[in-house]
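Down below is the structure, laid out as structure tokens.
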């Protein structure tokens, strides 16, 4: 046995002793925290993730997105009155736009186990994914992350209680598919930016 193998072999033997007994292969896999799971799956789906600690940072990041894509003084749509000032401040036309370049919106939930975003008619009105602009900018908070789609639907039920929104849908395809897998048929990929505001 060579000198290096003796040294390295001894090192590895000692380190394995320090680690203790191996975990059983029959134990369930450790669950990631839901924020980490969402971030991993969302990026894996091709989404652009931008973490913000303050409202000011959200505004600054939005301006950076506009600069990156040259969207100043263009047209956009939003179905939420609380987001109109962000468009107004950047001279973006939102009154009956003929050719909106992007949708500015919030969402209902962020679904960790599939890295998707849950919307309803409150955010996308009656429009189907194909009818929305190719570019979407979503503003959400860390408290909106849920483990699964059923958890997200429960949050909708709790939030609206009696008058439920319609057109409940998830988006999880944020770049063109690299393969022709049958599960991807009918999906409409969107160039999606997520501005995630820390609120926990």
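Please treat every number below as a calculation from the coordinates, not as lab data. No experiment lies behind these values; they were computed from the predicted model shown. We place every Cβ from the backbone using ideal geometry, glycine too, and count neighbours over all the protein chains shown.
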Checklist line | Taking 65, 84 and counting other C-beta atoms within 10 Å, the order from fewest to most | finding: 84, 65
Next item on the list: With r as the distance between the Cβ atoms of residue 56 and residue 80 and R0 = 25 Å, compute the FRET efficiency 1/(1 + (r/R0)^6) and round to 0.05.
Entry: 0.80
Notebook entry, point to check: How far is it, in nm, from the label point at residue 95 to the one at residue 128 when both lie 7 Å from their Cα along the line to the Cβ?
Noted result: 3.2
